[in-house]
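Trainee: My questions all concern the structure below.
The values are calculated or read from the model by the stated rules, or taken from the named source; none is laboratory data. What you see is a predicted model; the values in this text were computed from it and never measured. In this analysis, Cβ positions are derived from the backbone assuming ideal geometry, glycine residues included, and neighbour counts consider all displayed protein chains. These accessible areas exclude ligands, DNA and RNA; they are computed on the full protein's heavy atoms, side chains included. Shrake-Rupley method; radii C 1.70, N 1.55, O 1.52, S 1.80 Å.
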Amino acid sequence: MDEDDLLALAVRLAGAAAAAIQAVRAAGFVVERKRDHSPVTVADRIAEALIVEGLREAAPGIPVVAEEAHEASAVAVPPGGIQGRFWLVDPLDGTRDFAAGLEGYAVNIGLVEDGRPVLGAVALPAFEEIFSGIVGRGAWKLAGGVTRPIAVRPLARDPVAMVSRQHGRDPRIADFLAARGVAEVRPLGSAAKLCRVAEGVADLYPRRGPTMEWDTAAPEAVLWAAGGRMADWDGAVLRYGKPGWRNPGFLAEGRA
């Protein structure tokens, strides 16, 4: 399968998982707690099973690392990190928002090659949108049955910032936003924040708290594909396939 085939596969599975998640939401569900006390629901498990089965059936030569399976049985990573290609999947990014009846949750399917995301699909079930992109090729948004190209916007005189609903009150973030002259701050959960920067409705997303690699691989690919950039606070790009799978804080931006 070439990049176009792999992206089409990711988009199809993200859309199917989004529909399954919305069906669970409509039917009602119980919130459970994982070992780290973070929430999990049957929607997480149904969506992950659907995605992992679909990826393995269509592209059996590409390993899949998915959040819930990793939580149940940690995937060992060599000291030098994972080499080659592998999928990173978060079947329900933003479970807290999902459980609270909010809109900020997502389905993330990203393909990593040699430590960097190369393509990804992000479904926003509550918004009925799917974002996708191939780094160096372009990014797209599917909504209302229509797919159109997207791109980051030129930096606005009065920039708009996306912030984490959970971590956005960090005083370091407030200081950064004030220094950048940010005119509006929009709290939102999950990978949706990176998608809003990628499509040009916001300008930046600063994050000081940690994330996991499956949270960011797919939306980072979409952001770079749309002409944006994302790096840690020292200016280095994020690497994927690390032992522990944990990311440092980062700054995501449209055009610099």
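Trainee: Restricting the search to segment 174-202, which residues are assigned to a helix (DSSP H, G or I) and over 20 Å from the mean Cα position of the chain (by Cα)?
Mentor: Ala174, Asp175, Phe176, Leu177, Ala178, Ala179
Trainee: Would you please name the residue that is most open to solvent (accessible area, probe 1.4 Å), looking only at residues in segment 116-150 that are of a type in the set (Gly, Ala, Ser) and touching a strand residue (DSSP E or B) at 6+ places or on another chain (Cβ under 8 Å)? Please lay out each step first, then the result.
Mentor: Filtering segment 116-150 down to residues of a type in the set (Gly, Ala, Ser) leaves 120-121, 123, 126, 132-133, 136, 138-139, 143-145.
With the extra rule that they be touching a strand residue (DSSP E or B) at 6+ places or on another chain (Cβ under 8 Å), the set shrinks to 120-121, 123, 132-133, 138-139, 143.
Working: Gly120: 0, Ala121: 0, Ala123: 1, Ser132: 12, Gly133: 0, Gly138: 13, Ala139: 4, Ala143: 38 Å².
Among residues in segment 116-150 that are of a type in the set (Gly, Ala, Ser) and touching a strand residue (DSSP E or B) at 6+ places or on another chain (Cβ under 8 Å), the one most open to solvent (accessible area, probe 1.4 Å) is Ala143.
Trainee: Right, something else. Out of the residues in segment 178-197 that are among the small types (Gly, Ala, Ser) and crowded, with 20+ Cβ neighbours inside 10 Å, which is farthest from Trp224 (Cα to Cα)? Spell out the reasoning first.
Mentor: Step one: list which residues in segment 178-197 are among the small types (Gly, Ala, Ser), which gives 178-179, 181, 183, 189-192.
Checking which are crowded, with 20+ Cβ neighbours inside 10 Å leaves us with 189-192.
Working: Gly189: 20, Ser190: 17, Ala191: 14, Ala192: 15 Å.
It comes out as Gly189.
Trainee: Of all residues in segment 23-59, how many are among the aromatic types (Phe, Trp, Tyr) and part of a strand (DSSP E or B)? Show your work before the answer.
Mentor: At the first step, the residues of segment 23-59 found to be among the aromatic types (Phe, Trp, Tyr) are 29.
Applying the additional criterion that residues be part of a strand (DSSP E or B) yields none.
Total satisfying the criteria: 0.
Trainee: A further question on this structure: Is it the case that segment 53-70 has a residue that's acidic (Asp, Glu), modelled with pLDDT under 95 and within 18 Å of Ala17 (Cβ to Cβ)?
Mentor: Narrowing segment 53-70 to residues acidic (Asp, Glu): 53, 57, 67-68.
This time we only want the ones that are modelled with pLDDT under 95, so: 67-68.
Among the residues that remain, those that are also within 18 Å of Ala17 (Cβ to Cβ) are: 67-68.
Yes: one or more hits.
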